[in-house]
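In what follows, a single structure is set out as structure tokens and then discussed.
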Amino acid sequence: YTSWANLEYSKGSGARKARKLFHKALEIDPRCSAAWLQLGVLEADTENWDQAVTCFERVLQFDPRNSRVLQAYALTETKRPGGDSRKAIDLFERALKANPRDAGVLQAYALYVAELGDLESARNLLRRGTEADKRHAAVWQAWGVLETRYGEDVDTARNIFQQGIWACGLSTGSQS
């Protein structure tokens, strides 16, 4: 049901049908982290902020170290009108405590702190992301774009993009 709901939301009938399918999944397994996470993301995408928070909090009751849920919750807090930046940062920190090598969390956190104006912290988080997972192309891209937008030296951005290409490229050459 969870996969079907995700399909309906992303490609098909939209949020209403997806919600019904997520709830069917949760009737079968009320502790299904994936269903709660994806339902929470759907609710955040449709700006049902309180429902999204309820979904994330539900998972964290029985799976408090789920870095994906903590990341989604943090991102929801950053988008929510009147969202609390301290709460978002605390959620990102909890996600990193749960999984310090999660390049996806490091990237999302970096983009948020850059938005807040702390470019050095953003650079540090992105560097950590590339060290945690050298083949995580999105981290390299985010760092290069950050340097393109805010850096004083375009060569720094070029160097980062080049390092990312070298790190992420497959030996078969089938990935560009």
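A few notes on this one:
Residue-wise test of (1) hydroxyl-bearing (Ser, Thr, Tyr); (2) over 18 Å from the mean Cα position of the chain (by Cα); (3) within 20 Å of residue 79 (Cα to Cα); (4) modelled with pLDDT of 95 or more.
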site	(1), (2), (3), (4)
20	no, yes, no, yes
34	no, no, no, yes
53	no, no, yes, yes
56	no, no, yes, yes
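- With respect to the conditions (1) in contact with a Pro (Cβ under 8 Å, 6 or more places away or on another chain); (2) farther than 24 Å from residue 71 by Cβ, residue 166 lacks only one, and its number is (1).
- Answer residue from the range 51-84, given it is part of a helix (DSSP H, G or I) and among the basic types (Lys, Arg) and is nearest to residue 39 (Cα to Cα) among those: 58
- Any hit, the range 56-76, residues being among the small types (Gly, Ala, Ser) and open to solvent by 80 Å² or more (accessible area, probe 1.4 Å): no
- Test: residue in the range 139-160 that is buried (at least 18 other Cβ atoms within 10 Å of the Cβ) and within 27 Å of residue 42 (Cβ to Cβ): yes
- Candidates are the residues of the range 49-90 that are among the small types (Gly, Ala, Ser) and touching a residue at least 12 places away in the same chain (Cβ under 8 Å); the one that is farthest from residue 113 (Cα to Cα) is 52.
- Selection status of residue 3, open to solvent by 70 Å² or more (accessible area, probe 1.4 Å) and not in a helix (DSSP H, G or I): no
- Filtering the range 81-102 for residues that are β-branched (Val, Ile, Thr) and open to solvent by less than 20 Å² (accessible area, probe 1.4 Å) leaves an empty set.
- Selection status of residue 119, among the aliphatic types (A, V, I, L, M), under 16 Å from the mean Cα position of the chain (by Cα) and surrounded by 14 or more Cβ atoms within 10 Å (Cβ to Cβ): no
- Residue match in the range 17-35 (condition: open to solvent by 60 Å² or more (accessible area, probe 1.4 Å), over 27 Å from residue 113 (Cβ atoms), without any contact (Cβ under 8 Å) to a residue 12 or more places away in the chain and not in a helix (DSSP H, G or I)): yes
- Selection status of residue 41, modelled with pLDDT of 95 or more, open to solvent by 10 Å² or more (accessible area, probe 1.4 Å) and out of contact with any Pro (no Cβ under 7 Å at 6 or more places or on another chain): yes
- The set of residues in the range 1-41 that are farther than 18 Å from residue 56 by Cα and of a type in the set (D, E, K, R) comprises 8, 11, 16, 17.
- Condition met for residue 47 (at pLDDT 95 or above and under 26 Å from residue 142 (Cβ atoms)): yes
The values are calculated or read from the model by the stated rules, or taken from the named source; none is laboratory data. Owing to the predicted nature of the structure, the values given are computational and were not obtained by experimental measurement. A quick note on method: Cβ atoms are made from the backbone with ideal geometry, for glycine too, and the neighbour counts reach across all protein chains shown. Side chains included, ligands, DNA and RNA excluded: accessible areas come from the protein's heavy atoms. Shrake-Rupley method; radii C 1.70, N 1.55, O 1.52, S 1.80 Å.
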